[in-house]
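Note sheet for the following structure.
Derivation of every value follows stated rules applied to the coordinates shown; laboratory data play no part. Remember, predicted model here, so these are calculated numbers, not experimental data. Don't worry about glycine lacking a Cβ; one is built from the backbone with ideal geometry, like all the others, and counts go over all protein chains shown.
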Amino acid sequence: MTAERNTPSTASRATGDHADRRGGVDLYWLPLGAGGSLVRVNGRVFERAASLVGHRAAFDLYHAALEVRSLDALFVIEMTPAGPGDGTSRGVVAAGPVGTSWAGRWRVFRYELRCWADGAIPDIDHAVESPVQLTSDPVHGQRLIDQLAFIPTPVWGRDEFGTGEMWNSNSFISWLIERTGINAAVVDPPAGGRAPGWRAGIVEARRTGSAGHLGPRRGRF
């Protein structure tokens, strides 16, 4: 791919030097469950089962997050488990249920999508082969932010769109990248890794076409 991929050590810069960076979109690959042992163990069990079913080797699993510098601000975009309150302080722009739609009535079974102004990626020190610079154009950064008004909020872990792959945190990121006009299909996870859900976001973004043909997203909650 043509995106610029920095060495793993550069990820540890976190957000302290963003004032020196003019604009664009950077992607960070975070090991699934970084900073949380339960998610990491569950991810390994899932990947081991998937590799046995698919008669293939098991891979390391990754979760994607973005840092977006638009014309006037820095934003962190990431899907996470739902936190307390209305989420205004952490930039929550959308929410949805996990597993089944009825379970979303309880916070523990909800996810949230954040577009956090001047925010930080909590596990950025664990990022691998990151950041990947997708574009240095702040206009593209603003375009990506604008797409959040149209982003779908299906059930996490289900294939409601019939893409052949479950929808998850990676699907949101690839959907946004693709809708911004950047080819998300050429963005690869770190060597020896896999990003489940990535293809689902690309397929759905290409299926729905230009955001200009859609009405604004209506959240479930």
Between 102, 136, 87, whose Cα lies farthest towards the positive end of the dipole of the stretch 54-136 when Lys and Arg beta carbons carry +1 and Asp and Glu beta carbons carry -1, centred on the Cα centre? 102
Order by neighbour count: 176, 66, fewest other Cβ atoms within 10 Å first, most last. 66, 176
Put in order of increasing Cβ neighbours within 10 Å, starting from the fewest, 182, 173 give 182, 173
